[in-house]
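Below is one structure; the comments refer to it alone.
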Amino acid sequence: MSPFFVLSLLFGLIFGQTASLCAPSEYTIHVEKRECAYCLAINTTICAGFCMTRDSNGKKLLLKSALSQNVCTYKEMLYRTALIPGCPHHTIPYYSYPVAVSCKCGKCNTDYSDCVRERVRTNYCTKPQKLCNL
Amino acid sequence: MDFKKRQIMDCYGKYAAVTLTILSVFLHLLHTFPDGEFLMQGCPECKLGENRFFSKPGAPIYQCTGCCFSRAYPTPMRSKKTMLVPKNITSEATCCVAKAFTKITLKDNVKIENHTDCHCSTCYYHKS
C-alpha cells in the first residue's frame, strides 16, 4: 500500500474523531465608564465550544467528585490593558481584560469565574462607540 | 521517453488517489451527521445511550451523554458592578442532562434513574 494513501487515511480518521470544538474564538467586548465620553469596543479572544458531559443514572450512589461535568473555559490567559477615550483627568481611564491563549474542557473555577447558565445581556454600548486600536 | 511518461503518470496517479481518499473520508463523515450537525463533528450530540453497567438482557438502562455548548468571556463592566464579589470572567455553560426519566429499583433496594429524554440544560457539578 502506498505510504501517501495510508497517511491520508490516518489523517482523515484522526481529524474526524478527535476534533474538539472548545477553542479560542473572536469576541467583542464593550467598555464604558460613567465619567467617560465614549464606549470602547475591544476585539479579543474568548473560549467557546462544545464539551462532553453525562448525567449519572445513580446520583445518590456516587460522591460529588465523581459527578464531574466539564465546561469550556480558559486554560491559559494573559491580561491586556486598554485606554478608554474621552475620560476626565481625575478618572482612571485604563481597563484590563483577560485574553484567551488556549482553552480546555474543565471545571469552572469559582475563585475568578462567575459560573452561570445564562447571563442577561449587558455587553453593549450606550455612548458613542470607538474601536480599540492595539 | 516511455519510461518518463510512465513516471509522470504514476506521480499523477498517486496524487489523484490521495485526493480521492481524503474526499471520500470527509464525505463519509458528513453523511454520518444527517441533520446538519457538521458543527458537532467529533463531539456527539446530547442523547440517550445504553448504560452497560446497569443494563440487563431485556431490561436496558439509558443514560444521557453528549456534548453541549459553553463559553467563558470577560465579565461585562455593568454586570461586575452588581456582583457582591466581582469576578473577572463569566462562564456560561450547559450540560447534557435528563429531561425525563423513570425510577427503577434494582436488587438490594438500590434506586436508579432510567433516562427517557435528554437536553442541554443547567450544570450542577461543574464548579471547582
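None of the figures in this text is laboratory data; all of them are computed from the coordinates on show. Note that the structure is predicted; figures quoted are calculated from it, not measured. So basically every Cβ, Gly included, is an ideal-geometry build from the backbone, and we count neighbours across all protein chains shown.
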> Can you list the aspartates and glutamates whose alpha carbon sits under 20 Å from that of B:K103, skipping same-chain ones fewer than 8 residues off?
Replying inline: A:D55, B:E50, B:E113, B:D117
> Among the listed pairs A:K33/B:K80; A:K60/B:K47; A:K75/B:K127; A:K107/B:K56; A:K60/B:K99; A:K107/A:K130, which are separated by more than 24 Å between their Cα atoms?
Replying inline: A:K107/B:K56; A:K107/A:K130
> Distance in nm between label sites at A:N43 and A:C87, each 7 Å beyond Cα in the beta-carbon direction?
Replying inline: 2.3
> Check B:N51: other-chain or 5+ apart residues with amide H under 5 Å from its amide H, H built from backbone geometry?
Replying inline: B:I61, B:Y62, B:Q63
> Dividing the Cα radius of gyration by the Kirkwood radius, what Rg/Rh value follows for the range A:18-120?
Replying inline: 1.12
> In the neighborhood of A:P24, defined by Cβ-to-Cβ distances under 13 Å, what is the net charge if each Lys or Arg adds +1 and each Asp or Glu adds -1?
Replying inline: +1
> Any idea what the alpha-carbon Rg over 2.2 N^0.38 Å comes to for the range B:47-122?
Replying inline: 1.64
>> For A:L62, A:L21, B:L84, which order do you get if you count the other beta carbons within 10 Å of each Cβ and list the fewest first?
In response: B:L84, A:L62, A:L21
> Given labels modelled 7 Å from the Cα in the Cβ direction, how far is it in nm from A:T28 to B:Y124?
Replying inline: 4.0
